[in-house]
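Coordinate-derived values only; no laboratory data. Values in this document were obtained by computation on a predicted structure and should not be read as measured data. Cβ placement follows ideal geometry from the backbone for every residue including glycine, while neighbour counts extend to all protein chains displayed.
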Amino acid sequence: MARMKAVVQDRYGDPRNLRVREIDRPEVGDDEVLVRVRAASVHPDVWHVVTGRPFVLRLMGSGLRRPRYRVPGTDLAGVVEAVGRAVTRFAPGDEVFGESMRGLSWRNGGAYAEYAVAPEEALAAKPANVTFQQAAAVPTAGYIMLLNLPVRHLRPGQRVLVNGAGGGVGSIALQIAKARGAHVTAVEHPRRLDLVRSLGADEVIDYTREDFTRRGERYDLIVDIPGNRSFTECQRALRPDGTYVLIGHDHYGQVGRRVLGSLPRFARLGLRSLVDRRLRRGGSAPSKQETMATLQEELAAGHLTPVIDRAFPLADAGEAIGYLAGGEPVGRVVLTVD
Ligand SMILES: NC(=O)c1ccc[n+]([C@@H]2O[C@H](COP(=O)([O-])OP(=O)(O)OC[C@H]3O[C@@H](n4cnc5c(N)ncnc54)[C@H](OP(=O)(O)O)[C@@H]3O)[C@@H](O)[C@H]2O)c1
């Protein structure tokens, strides 16, 4: 059995417990692709699974007492090493990016390694105009964004507010809305205002100085990443026929419940959406292959430009996760694999 270096998580807890070890290379299934990883992204859900918080994720497939899948990371960019028998879209040597997991699940995906397997449907060809690091920063955040905000909802001239527009998910929402001709207002911490301006924001709001729900402005669409205002407060800034999309962010355990995280809030909004059209997404959710195709097109067209704050070597994965959770990054944090 061929061996490889990988970040291994033996138990839930402090990311600094993560270690690089030699383990068996994963075997490729019929509809899977083995990728020689060049870069993988560090994002809030990696922090959740490494720390095991909120507790409910352990019941959702991550593993009750210890992680069932031991290698963290969910998105990657790299070069195809081998393909399964049923794979038709990729061949060894192709440069690809995508997710190492099917659907949406809250568990380790195996991307923090020299080699990772990914389902064919979760990969796309890496556009030549972006680096491996940039491409690796997009899949998971982009999937979350497009699941919640199908691009067909965006119209030229719409007034869109993105709360948390400088983060992983928000920066994709901002750029995709701009590419569709929307007028975008970005709400962020002062350290990220130049970033959101550079990504195309028409207006910026410093959240340490101003509450966007009290400006007297009304928007057709509010994409709320941090969810620091209730829906009732956000309604003040929403047109009567507008749409409110909550992504939600537990801020590394600082908000949300210890056991259930923000799930109760999503459940309440889900119930309310039965009677309030402004909370309805409409239409069916795109598949992972469709979202990867959209993200690939946006990258190739130059509509989506991932900004990298810092790249860490694989061996410093724990430090990279701690750096992300410290709240300092201006742009994305990634791991690189030599
Ligand atoms: N990125 C991914 O690949 C990914 C993948 C799966 C799931 N998710 C989920 O999606 C959510 C967001 O992830 P993300 O990567 O976008 O997080 P992120 O990069 O931390 O972005 C959140 C942004 O919101 C800002 N923010 C915080 N408080 C704010 C406030 N009061 N007003 C306005 N902005 C505020 C943050 O700034 P501060 O630093 O000042 O707090 C930050 O820039 C998380 O729940 C995560 O679990 C993300």
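Only a single item in (1) crowded, with 19+ Cβ neighbours inside 10 Å; (2) over 22 Å from MET145 (Cα atoms); (3) not aliphatic (A, V, I, L, M) is not met by ARG66, and it is number (1). Considering only residues that are away from the ligand (no atom under 14 Å from the Cβ) and assigned to a loop (DSSP other than H, G, I, E, B), look in region 226-259 and name the one that is surrounded by the fewest Cβ atoms within 10 Å (Cβ to Cβ). Looking at residues that are away from the ligand (no atom under 14 Å from the Cβ) and assigned to a loop (DSSP other than H, G, I, E, B), I get ARG258. When region 176-201 is filtered for residues that are part of a helix (DSSP H, G or I), within 13 Å of the ligand (Cβ to nearest atom) and in contact with a helix residue (DSSP H, G or I) (Cβ under 8 Å, 6 or more places away or on another chain), the ones remaining, listed by number, are LEU195, VAL196.
Please enumerate the residues belonging to region 119-162 that are outside any helix (DSSP H, G or I), more than 12 Å from the ligand (Cβ to nearest atom) and among the small types (Gly, Ala, Ser).
Pass one, region 119-162, residues outside any helix (DSSP H, G or I): 119, 123-131, 137-138, 149-150, 154-162.
Then drop every residue that is not more than 12 Å from the ligand (Cβ to nearest atom), which leaves 119, 123-131, 149-150, 154-160.
Across region 119-162, the qualifying residues are ALA124, ALA125, ALA128, GLY157.
Kindly indicate the residue of region 137-150 that is in contact with a helix residue (DSSP H, G or I) (Cβ under 6 Å, 6 or more places away or on another chain) and surrounded by fewer than 24 Cβ atoms within 10 Å (Cβ to Cβ) and also farthest from VAL42 (Cα to Cα) among those meeting that condition.
LEU146
Taking only region 204-225 into account, find how many residues are more than 14 Å from the ligand (Cβ to nearest atom) and part of a strand (DSSP E or B).
Here is the first cut: in region 204-225, the residues more than 14 Å from the ligand (Cβ to nearest atom) are 216-221.
After this cut, where a residue has to be part of a strand (DSSP E or B) as well, the list is 219-221.
Number of matching residues: 3.
Since ALA285 meets every condition but one in (1) more than 16 Å from the ligand (Cβ to nearest atom); (2) part of a loop (DSSP other than H, G, I, E, B); (3) closer than 18 Å to VAL169 by Cα; (4) hydrophobic (A, V, I, L, M, F, W, C), which condition does it not meet? Failing condition for ALA285: (1). Taken over region 105-145, the criterion of being hydrophobic (A, V, I, L, M, F, W, C) and in contact with an Asp or Glu (Cβ under 7 Å, 6 or more places away or on another chain) is satisfied by TRP106, ALA111, VAL117, ALA118, ALA122, ALA125, ALA136.
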